[in-house]
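Single-structure report; data block below.
The values are calculated or read from the model by the stated rules, or taken from the named source; none is laboratory data. Please read these numbers as outputs of a predicted model, since none were measured by experiment. Note: ideal-geometry Cβ built from the backbone for every residue, glycine included; neighbour counts use all protein chains shown.
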Amino acid sequence: MAGTTIALPLQQFIASLDKTCLPRILQVCSGVYFQGSIYELSGSEVCFSTGDLIKVTDIELVSVRCEDISNNDTFELPINHKGLFRVVPEKMPYSTVEEMLSLRPVGLDSCLPFAFNSHSEITLDNFTLGAGKALTVLSTEQREGEEGQVRCHFQGQQGASAEVVIPLSCRGEFYECESEECFTLQEIMSSPHLCSRRFCLNNTTMGDRSLVLSPVYQVQAIMSLRKNVVKFPSSLEVDVLDVTEQCRDVTFVTPLSLTEVLSQPDESFPVMAEILESPESRSTLHCSWLPKLNRGQQLVFHRKGTTDMVLASSLKGRKAQQYFLISQEYGGRFRKRPREFSSVYELSVALALTPGLKVSVTRNIEEVVEEGLPALSVGDQLELVRCERVELACAGSKEQKQTVEALICQRIQDFNEEEDDDDEGEAEDNEKEELVLPLYMQGHFVEKLADSKKYKLKDLAKDFTLPLDVKVVSRDTELKADPLVGLSSLRLEGTVAEPTIQASFPHSPEHCFQIPTHWLSMSVCFTKDPLPWPTDQPPKIHMDKVTEVTDTFYYEFRKQGGSDETPPPRPPKRNPSTSTVPSKKVSSKSFKKAQSKTKNSKDLPDHSPHHSSVDKGLSNLTLNSKKRPPAPPPPADIEDTPPPINPRKPIAQLKSGKALPNTYVKVEESKKKVTLCDVQADVDSDHDYEMVDETMADMVKRAQESVMFY
């Protein structure tokens, strides 16, 4: 039936198909439901629409569909079902013995015995068989030049039995007898004669149900615009037409993902391609050529390969942060920029990547004894040495110790300041002061760089450990517009060997861009269209070496990096018995600087003995420290009349900010003076104080005398 020009149900066509004549091309003629019949079997979705072409390459019997003719119920059984089936005798009579036996399975001898009866008498040479006698076929006999015969056994009267030979051409009204002979599904489906018979299940509760059996094949086929071989059952309710002869030259388009394009041989390139499925709207790329990748767009695939790239990010600022994938063939030049760190933990991570790192402190840090934090001043130069575990005193207890991770570094003294000759020897001995910085300590540091050399990107990736802060100092002259020029700083995050496809648009094949196949999802198909340049005259390629990406790409890149770094440590918990406010001390270096400046000043003499007296006088210099004296009685010559109202102050006086004296209240100057106590300096005292000279004492005296009492 294969090759017919009549549309047939798919089930009927596949059942009549001979596997030796495959492949066959079928066209769907009907069976469109809701714009296509969609079936999903074993994860494979198949959609048929009118006019679709299907190239059948293989069929496999997988199950049998059973239909109960009494109520039209259907169910399927696997082909390896262990149950047995008995043939249900046909109620329609056969006119000859040959017709009746022709419906038996191939290899009749293996399926014997077979019983039938005749509705009328059968007259043989000198023998007559009565009507209704059951005859059991024992064998068939076929002699050359003679008519075929069957040898049958029958039961005579009074238990006697006999054998008789009946010619196949014997005419009459014959009926099959119900037989105990059973068949498996595999045997039934392998016989074209048995497939047309009705059966019942043997020794089951469904033994009285008459079933029509039909095979169900799994069809393996190729469809246009499908990337994989599709498999579907032959029981789909669609009509098909065999168009093999008319469509021998039809090419079935096979979609390819970008990953599959990479698997194509190098000899396949350059090649023309057409986009079948455009990239997703939320792509991880943010470049000028991406919006042009629409369905139906033609592309030129020049070559495939692996490109060494560097992921870079701009610094956060007023503008939104940008991210770039930069090919290591980028022709611009970079200059290193110092890195900034906001904690000692970041310094420890950088030290592991950059031994001998030196930094400068950019903000003052006050000493906190309870947490083991030393004091740092702006401009301190630190040379990082190593990380190790050290013992620090617990908060509120000098006896208890705790072990913490700390960064050991050396503070390099600054000799630009003037120092006394007596201190020069001591300064040389203490040229480097060792500091212990716990990793949980916060701060602000900047890397010290003495390198002003200009580097290529591939040299930076090879000679230095990333991340690395750089600035573009010269653009790539091969790029029409270099997006990296003008950025204040770039951080090179890491390197990656990215599988890419070098592509361009047909109208400008010389301007190429690189498609990172791992980060872009779309399907294409190769076409037989000619390349957009003369034969053997390929254009000179101008490659875009910078691809802007989104923050999603950046975070996915960092996530795939699988960093195993431990989080920064937390500061130690405070002892509840101690004060919540940590005590702070002035650093010895800051105090020495202040003391040095005081000694070098020639205008201020040393009056350290008066320091405690002045401090005491200043502490008492408040209005609340004295009681107001009683107001004096008014003079006798003043009448008991309200005083006249003074005119408003002139504008010039208001601008000068000087008020006129009060003419209605006479203030008596206080005769009390705060005297400075002569206290001898404590030479053995551990406290160091700055010296107060006579000018400061005189200022304090005048301030005390200017206090008015009302």
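Of all residues in region 329-345, those satisfying the criterion of being under 16 Å from Arg363 (Cα atoms), in a strand (DSSP E or B) and not acidic (Asp, Glu) are Phe341, Ser342, Ser343. Just one residue in the set Glu433, Glu510 is surrounded by fewer than 19 Cβ atoms within 10 Å (Cβ to Cβ) and in the same structural domain as Glu370 (by TED's automatic domain parsing); that residue is Glu433.
Every condition in (1) in contact with a strand residue (DSSP E or B) (Cβ under 7 Å, 6 or more places away or on another chain); (2) assigned by TED's automatic domain parsing to the domain that holds Glu556; (3) small (Gly, Ala, Ser) is met by Ser327 except one, and the failing one is (2).
Yes/no per residue for (1) modelled with pLDDT under 80; (2) in contact with a Ser or Thr (Cβ under 9 Å, 6 or more places away or on another chain):
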site: Met1; (1), (2): yes, yes
site: Ala15; (1), (2): no, yes
site: Val32; (1), (2): yes, yes
site: Cys47; (1), (2): yes, yes
site: Val56; (1), (2): no, no
site: Ser70; (1), (2): no, yes
site: Arg86; (1), (2): no, yes
site: Glu90; (1), (2): yes, no
site: Glu99; (1), (2): no, no
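Being under 22 Å from Glu67 (Cβ atoms) and in a loop (DSSP other than H, G, I, E, B) is a description that applies to Asp208. Across region 538-557, which residue is surrounded by the most Cβ atoms within 10 Å (Cβ to Cβ) among those that are within 24 Å of the chain's Cα centre (by Cα) and among the acidic types (Asp, Glu)? Restricting to residues being within 24 Å of the chain's Cα centre (by Cα) and among the acidic types (Asp, Glu), the top hit is Glu548.
The criterion of being touching a residue at least 40 places away in the same chain (Cβ under 8 Å) and surrounded by 14 or more Cβ atoms within 10 Å (Cβ to Cβ) does not hold for Ser196.
Quick one: in region 253-279, which of the residues that are outside any helix (DSSP H, G or I) and free of Cβ contacts under 8 Å to residues at least 24 places away in the same chain is nearest to Met223 (Cα to Cα)? Step through it out loud before you land on a result.
Taking region 253-279 as the starting set, the residues that turn out to be outside any helix (DSSP H, G or I) are 253-257, 263-265, 269-279.
The next check asks that each one be free of Cβ contacts under 8 Å to residues at least 24 places away in the same chain; those that pass are 263, 265.
Values: Ser263: 22, Pro265: 24 Å.
Among residues in region 253-279 that are outside any helix (DSSP H, G or I) and free of Cβ contacts under 8 Å to residues at least 24 places away in the same chain, the one nearest to Met223 (Cα to Cα) is Ser263.
One residue is enough: does region 468-476 have a residue meeting the conditions touching a Lys or Arg at 6+ places or on another chain (Cβ under 8 Å) and surrounded by fewer than 12 Cβ atoms within 10 Å (Cβ to Cβ)? For region 468-476, residues touching a Lys or Arg at 6+ places or on another chain (Cβ under 8 Å) and surrounded by fewer than 12 Cβ atoms within 10 Å (Cβ to Cβ): absent.
Conditions (1) at pLDDT below 95; (2) loosely packed, with under 15 Cβ neighbours inside 10 Å; (3) not hydroxyl-bearing (Ser, Thr, Tyr), marked per residue:
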position: Ser283; (1), (2), (3): yes, no, no
position: Cys287; (1), (2), (3): yes, no, yes
position: Leu290; (1), (2), (3): yes, no, yes
position: Lys316; (1), (2), (3): yes, yes, yes
position: Leu325; (1), (2), (3): yes, no, yes
position: Gly331; (1), (2), (3): yes, no, yes
position: Arg337; (1), (2), (3): yes, no, yes
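Criterion applied to Val238, Val271 was being crowded, with 16+ Cβ neighbours inside 10 Å, more than 30 Å from Val28 (Cα to Cα) and touching a strand residue (DSSP E or B) at 6+ places or on another chain (Cβ under 7 Å), and the one residue passing it is Val271. Among the numbered conditions (1) in a strand (DSSP E or B); (2) in contact with an Asp or Glu (Cβ under 7 Å, 6 or more places away or on another chain); (3) not assigned by TED's automatic domain parsing to the domain that holds Ile122, the only one that Phe232 does not meet is (2).
Starting from residues that are at pLDDT below 85, surrounded by fewer than 18 Cβ atoms within 10 Å (Cβ to Cβ) and not hydroxyl-bearing (Ser, Thr, Tyr), keep the ones in region 349-370 and report whichever is farthest from the chain's Cα centre (by Cα).
Among those that are at pLDDT below 85, surrounded by fewer than 18 Cβ atoms within 10 Å (Cβ to Cβ) and not hydroxyl-bearing (Ser, Thr, Tyr), it is Val369.
As a summary of the residue check, Cys247 satisfies the conditions (1) in the same structural domain as Ser63 (by TED's automatic domain parsing); (2) touching a Lys or Arg at 6+ places or on another chain (Cβ under 9 Å); (3) surrounded by 17 or more Cβ atoms within 10 Å (Cβ to Cβ) except for the one numbered (3). Candidates Val106, Val137: the one that is among the β-branched types (Val, Ile, Thr) and either surrounded by 15 or more Cβ atoms within 10 Å (Cβ to Cβ) or at pLDDT 80 or above (or both) is Val137.
Note on region 484-512: residues that are over 19 Å from Lys462 (Cβ atoms) and of a type in the set (D, E, K, R) amount to 1.
Considering region 487-510, and only residues there that are farther than 25 Å from Thr306 by Cβ and touching a strand residue (DSSP E or B) at 6+ places or on another chain (Cβ under 8 Å), the residue that is modelled with the highest pLDDT turns out to be Pro506. Restricting Leu194, Leu185, Leu213 to residues that are at pLDDT below 80 and under 30 Å from Thr57 (Cα atoms) narrows the list to Leu194.
Of all the criteria given as (1) of a type in the set (Lys, Arg); (2) without any contact (Cβ under 8 Å) to a residue 40 or more places away in the chain; (3) assigned by TED's automatic domain parsing to the domain that holds Tyr555, the one not satisfied by Lys292 is (2). Of the listed requirements (1) in contact with a strand residue (DSSP E or B) (Cβ under 7 Å, 6 or more places away or on another chain); (2) outside the structural domain of Trp533 (by TED's automatic domain parsing); (3) surrounded by 17 or more Cβ atoms within 10 Å (Cβ to Cβ), Arg226 misses just one: (1). For region 148-186, filtering for residues that are more than 22 Å from Val88 (Cα to Cα) and assigned to a helix (DSSP H, G or I) leaves 3. Would you confirm whether any residue within region 232-253 is under 30 Å from Asp482 (Cα atoms) and at pLDDT below 85? There is no residue in region 232-253 that is under 30 Å from Asp482 (Cα atoms) and at pLDDT below 85.
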